[in-house]
Each structure stands twice: as structure tokens, then as C-alpha cells.
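Single-structure report; data block below.
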Amino acid sequence: MSGSLSEDLLSQRSQAIDVSGIRRVFQLGAQLKDPINLSIGQPDFPVPAPLKQAAIDAIAEDCNGYTLTAGDGPLLAATRSHLAGDLGWTFDGGTDLLITSGTSGALQLVYMSVMNEDSEAIVPDPYFVIYPNLAPMFGGRTVLCDTGDDLRMTAERVERVMTDKTRLVLVNTPANPTGVVLNQRELDDLYDLCTARGVLLVCDEIYDLFTFDDALEGGRFPSPARRGSDMLLIRGLGKNYGCTGWRLGYAAGPDWLIQSMAKLQQYTYVCAPSMAQRACVGAFDIDMSSTVKRFQKRRDMVMDALSDVTEVAPCGGAFYAWAKVPGHLGLSGTAFATKAVDHNVLVIPGGVFSERDTHFRISFACDEDRLRAGLDVLRTLLRG
Ligand code: PMP
């Protein structure tokens, strides 16, 4: 006999997580036959051929078992040398590195490592959808930091919501959903604020490679990790190399924290996928600049098409533009996105990423012809 169990069995933790906003977007999209889909949060380019081949070789050469919890030796070595070249970090004492199951894996492990039930974690609003849900899942309370009209998570704004319960500040640059890239001074200020208060700064830089020319400083991607290593740096390989399903990320920071995260990884994920770890040893040497340039041109297309009909956040990286629904339309972000669906275009309403449902997110991980067609529709709708 079945049906004797009920969903009363679901934990309060599970019931506290609401995915209805995202589900609504999927349901809207499912009604359409061949929508212009500007809602997708993953690259539309294939994995570079050398990485594909390396993955095939890894499987054929029997790299299919567990790796060490911290990560497979060759990928650890390649990542350390990448971070040494990029940030000047040395891994000869005090700082350590962990290969994780995607960037999400790293985020979960750091929450498990530092959050107690009465702790607070500050995350930006607008946020990547999992951010506000991490504390309900792994302990503590989320405190949103309103990033204001310019969408910048500055030290001043963070300090305003810090309390003696704050243990973690999570910042994301380039940001999902806004595309905003913080500058080096802003990131240094966040680093200094957090270290002075004894709070852990976590920087999610999953889109680091997808930073456009105008947001680079001295040709380099701004990062708080250039200030020092008293923080947790989280990066990933999924977005940069189009292999989101391979589930690879990494976290670098103080050794006591990395060791705690590794201990918890041992009892949860065990290790990141072994064939993917072996496949990505050469990833840092692959030149993605022509792909990044292509995305920069798409960013320009979005700005050119929409900036005279609405406010679009200055997008310095990632694959997203964050556009305001103009006041004269009298529509919420959700109402506007629903209207766009009626015209066969899928975008994500701002309410999915923010307490304020005033914007919508456009993903430009979409080929140029369809992007152009989608922008034409949005432009017409925004004019009203
Ligand atoms: N952080 C941000 C800002 C993201 O946009 C995403 C994916 N959309 C993630 C983390 C999760 O990435 P991963 O697939 O590596 O877990």
C-alpha cells in the first residue's frame, strides 16, 4: 500500500525554501514552442575541444574513482600556480586550496563551517538565487544588504547592516543578476572592513574570466584577494569553460577554514568528479579571450538597444543585464516578464533575485540573431 506517508515529514529547513518564483518562470516558458530564451544562466558555447578530449582520455585512462577529498594532485597544482600568477598568493603556509563540487559546493561548505544558529550572513540584494537560502539550509540568518540604485555592495552599505552576530559577508563580482563589477578600491574597502571586524569575507568570482575590458584595472580583474588572503575566494570552471555540468569549483583561503571545509566535504560530496578534475588540469592555459570579446559585443548590443528606453545597470561582466521596468508602464518585474512571454521572449523577473520586483534579468548567453530579435521585442514593450 502506498500513500501512507505525507509531506508533514518534510523538515522545517526544507519548507523554508521557496522556489515558486523560479518555477513560475519555467512554467511560463514551457507553454511556448520556440521562445527567444533570454533567461538561461549558462554559457551557449561548447566546452573547448582540448578539454573535451582530456575528459574522454581521463575516462579511458581509468580516472573514474574517488580522488583525495582536497582534490586531485595535478588540478590542485595547476590551480595553485594559476592563483600564484594571478593574485600573488603563495600556498607555503597559512593559505590552502580545496577543489569543490561546483561553486555551489564551496558556498555550502563555508556556511557549514562558520555559521551557528544565531549567526548572521550578509548577502547582496539583488542576489544569486541560492544566496538567501544558504543560511536557512546550513544555519543562521540571512541579512540582505540593499545595494542601492547603483547596485554596488560597498563597505559603507555592508557596515550599516553589520551586527555583533555577523560572521560572514558574501560578495559576488561580476554579479549575477546585475553584471556589475566592483572596482578594486571598493573591494579593498570590503576586505579591510571585514578583517577589522573579524568577519569572514567570501567573494564569489565564478564569472572572473568574463570581465569586460572597461571593468578591468591595469588589465586585471579587480578582486579583494589582491589585498590579502584573509578571506575566502571562490571561483569555478563551469561558466568560464562552458562545463557547468562537470561540477567543478575551488575555494582558497586560510588553512584552518579550508581544512574545516575539506572535513565536511569528506562527509558530504566526498570529492569533486574525478574525470572532470583530470580534464581541467590544462583549463587555465586555454585562451578564452575571443569568446569573452564576443560576449562583450553582446553586452554592447543590449546596452545600445535598451539604454534609451530604460535604465540598465552598467554591466562589466558575466552574461547578464539588469533592466528596470520604467515607471510609466505601471508594471512589476513579474508582470513585465509575463507580458514578454506573451510576445515569445523569456526573461526572469527581478522579484526572483530581489525583495523588490522592479527589474528583469536578460541573459545574453544566446546567439546574436536571437538576442537581436529578443531585444527588439523588449524595446517595443519598454516603450509602452
Ligand atoms: N555563484 C553564482 C553567482 C552563480 O551565478 C552560479 C551559477 N549560476 C553559481 C554560483 C553556482 O555555480 P556552480 O554551477 O559552479 O555551482
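The values are calculated or read from the model by the stated rules, or taken from the named source; none is laboratory data. Since the model is a prediction, treat every value here as computed from it, not as a measurement. Note that we place each Cβ from the backbone using ideal geometry, even for glycine, and neighbour counts take in every protein chain shown. Remember, those area values only see protein heavy atoms, side chains included, never the ligands or the DNA or RNA. Shrake-Rupley method; radii C 1.70, N 1.55, O 1.52, S 1.80 Å.
Modelling each spin label as a point 7 Å along the Cα-to-Cβ direction, I'd like the Asn183/Leu216 distance in nm, to one decimal.
Placing both labels 7 Å along Cα→Cβ, they lie 1.8 nm apart.
Over region 64-285, average the accessible area per residue using a 1.4 Å probe and give it in Å², no decimals.
Details: 8140 Å² over 222 residues.
Per residue, region 64-285 has 37 Å² of solvent-accessible surface.
Under a cut-off of 12 Å between alpha-carbon atoms, report the aspartates and glutamates in cross-link reach of Lys239, not counting same-chain residues fewer than 8 places apart.
Of all the aspartates and glutamates, those that pass the test against Lys239 - Cα under 12 Å, at least 8 places apart if same chain - are Asp44, Glu205, Asp208.
I'd like the trypsin sites (Lys or Arg not before Pro) in region 1-67 restricted to DSSP loop residues with at most 13 other Cβ atoms within 10 Å, sorted by number.
Working: sites: Arg13, Arg23, Arg24, Lys33, Lys52; in loops: Lys33.
Sparse-neighbourhood loop trypsin sites (Lys or Arg not before Pro): Lys33.
Of the heavy-atom accessible surface of the chain (probe 1.4 angstrom), what whole percent is carbon and sulfur? Spell out each step's value before the answer.
Values: 8450 of 16940 Å².
After summing per-atom areas, the C and S share lands at 50 percent.
Taking the Kirkwood radius as the inverse of the mean 1/r across Cα pairs, report the Rg/Rh of the chain. Can you show the working numbers first?
Values: Rg = 20.9 Å, Rh = 21.7 Å.
Computed over Cα atoms, the ratio is 0.96.
Which residues in region 3-37 have a backbone N closer than 20 Å to a point placed 7 Å from the Cα of Val309 along the Cα-to-Cβ line?
35-37
Which percentage, to the nearest 5, of the DSSP beta bridges contained in the chain is antiparallel? Can you show the working numbers first?
Values: 20 of 39 bridges.
So the antiparallel bridges in the chain amount to around 50 percent.
Ranked by accessible surface with a 1.4 Å probe, highest first, in what order do Leu9, Leu329 come? Could the numbers behind the result be given before it?
Numbers: Leu9 130, Leu329 35 Å².
The residues order as Leu9, Leu329, largest area first.
Calculate the spin-label point distance for Ile17 paired with Ala77, positioning each point 7 Å from the Cα along the beta-carbon direction, and give it in nanometres.
Each label point is offset 7 Å from its Cα along the Cβ direction, giving 3.8 nm.
Would you calculate, for the chain, the mean residue ellipticity at 222 nm contributed by helices, counting each DSSP H stretch of 4 or more residues as -39,500 (n - 2.57) and dividing by all residues, to the nearest 500? Intermediate values should be presented prior to the final figure.
On the way: 13 runs with 146 residues, N = 384.
So the helix-based figure for the chain works out to -11500 deg cm²/dmol.
For Thr100, enumerate residues with amide H under 5 Å from its amide H, sequence gap 5+ or separate chain, H modeled in the peptide plane.
Those lying under 5 Å, H to H, from Thr100 are Gly249, Tyr250, Ala251.
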